[in-house]
Structures are given as structure tokens and as C-alpha cells.
Amino acid sequence: MARRSDHSREEIRKMALEAAEKLIAEQGSKALSARKLASAIGYTVGTLYLVFENLDDLILQVNARTLDRLHARMLEALAPLDDPTERILMLGHSYIAFADAHPHHWELVFEHRLPPEKEPPQWYKDKVRRMFALVETELEPLAAGRGSKAITQAAAALWSGVHGICILAISKQLDVAGVDSVQDLTHSLMRNYLKGFVG
């Protein structure tokens, strides 16, 4: 067991988050516990809670890193594209691809619930909001003079559809429905929605 003086607070935080991500990738989010994490980094649970408020706080930090990676991946996918429609479609495809590559991390972002009396911190809400803002930005060139409220609603509707496909795909429900390609289904949903949106 390491001594508290062996690593700085920030080093322990980084070690714990990396250990949590490894544990989630290998065993799924339900395997995550303070005891397992403390053991993985060679510290006590008490030391872990000197760095994080509680397990919920640690999970929020892990989820924030996942959202950062997802956002970066989507921006990277957009970089070579100029056509507005193709850029919107690519957002959906990159979102599905990320969830498929990192299913346990993706699930934890949307399955984790704070206690009813606790609100997510503003910094975390901002990271979630940034995802929708990216869609709104890419919808603007196709909005045909619509106001910001209409664009925000369209982004939420479009992304809710893609997210729903993602949930069904991760839970293998689309296999039962006879869907061969999740990406083809996503493409069909988004292209048909955009046709109606553009008019």
C-alpha cells in the first residue's frame, strides 16, 4: 500500500480516473467500486475520498473524460467535410462508432444517476450542453431562416433519435428487430429528418 506522500493529490486523482476507466472497459460499469479502485492504485479508500467527494463525484469525473473524448472524436470526423448535410450525417455516424468502440464508458454516461436531491455541477452540464451545441451549429446552415428555438428543438429531436438507435444497438435489441446495419439505420433516420427540416 502506497503512502500518501508518495503521490500528489493530482497524481492520485489521475491514477484513480485511469484505473476506473480500465476497470469499466474490462468489466463494465457495475464492477466499479471505491474499494476496487483504491486497491488498483495502491491507496486506501480513505485516501481516495480525500481526492473525490464520493463515488458519484468520481463517476462524474470519469464521464466528463468520456464526453471530452467523444466531442474531440466528432470534431475530428467533421474536419475534412464541407457540405452541411454530410457534416450532420457524420456527427451521427461518429457518435454511433464511438459508442460501439467504448460501450461501457458510453453506457455509464447515460445510466449514472445522482441522488434525487443532488444536481450535476454546472461544469458537467456545460460538457453535455456542448454536445447539443455542436449539432445546433451544424444545423444552422440548413435552417432556412428558422430561429434559434427551432434549431435547438431540431437538434434535440435529431440527437434523441440517434441516441435511441444507439441504446437499442448496445443492448442488442436491433438484432431482434432484424436490423443488419446500425450505421445504415442511423443514416436513414438522419437523412429523412433533414429532408423534412430543410423542406
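A few notes on this one:
- Test for Ala38: is it surrounded by 18 or more Cβ atoms within 10 Å (Cβ to Cβ) and not assigned by TED's automatic domain parsing to the domain that holds Pro120: yes
- From the list Ala72, Ala99, the one residue that fits, being in contact (Cβ under 8 Å) with a residue 12 or more places away in the chain and assigned to a helix (DSSP H, G or I), is Ala99.
- Only a single item in (1) over 13 Å from the mean Cα position of the chain (by Cα); (2) open to solvent by less than 70 Å² (accessible area, probe 1.4 Å); (3) not charged (D, E, K, R) is not met by Val128, and it is number (1).
- Filter pass, Thr66 being outside any loop (DSSP other than H, G, I, E, B), under 27 Å from Glu138 (Cα atoms) and either assigned by TED's automatic domain parsing to the domain that holds Ala154 or in contact (Cβ under 8 Å) with a residue 40 or more places away in the chain (or both): yes
- Going through (1) free of Cβ contacts under 8 Å to residues at least 24 places away in the same chain; (2) outside any helix (DSSP H, G or I); (3) in contact with a helix residue (DSSP H, G or I) (Cβ under 8 Å, 6 or more places away or on another chain) one by one, Leu114 falls short only on (1).
- Selection from the range 35-54 of residues that are more than 19 Å from Thr66 (Cβ to Cβ), in a helix (DSSP H, G or I) and of a type in the set (Gly, Ala, Ser): Ala38, Ser39, Gly46
- For the range 75-88, a tally of residues being touching a helix residue (DSSP H, G or I) at 6+ places or on another chain (Cβ under 6 Å) and part of a loop (DSSP other than H, G, I, E, B) returns 1.
- Those residues of the range 139-149 which are open to solvent by less than 40 Å² (accessible area, probe 1.4 Å) and more than 23 Å from the chain's Cα centre (by Cα), in sequence order: Leu142, Ala143
- Annotation: Ala155 fulfils all but one of (1) open to solvent by 80 Å² or more (accessible area, probe 1.4 Å); (2) under 27 Å from Glu107 (Cβ atoms); the unmet one is (1).
- Filter pass, Leu168 being of a type outside the set (Lys, Arg) and within 23 Å of His104 (Cα to Cα): yes
The values are calculated or read from the model by the stated rules, or taken from the named source; none is laboratory data. It should be emphasised that the depicted structure is a prediction, and the values quoted were computed from it without experimental measurement. Methodologically, a virtual Cβ is constructed for each residue, glycine included, from the backbone with ideal geometry; neighbour enumeration extends over all protein chains shown. Calculation scope for accessible area: heavy atoms of the full protein, side chains included, ligands and nucleic acids excluded. Shrake-Rupley method; radii C 1.70, N 1.55, O 1.52, S 1.80 Å.
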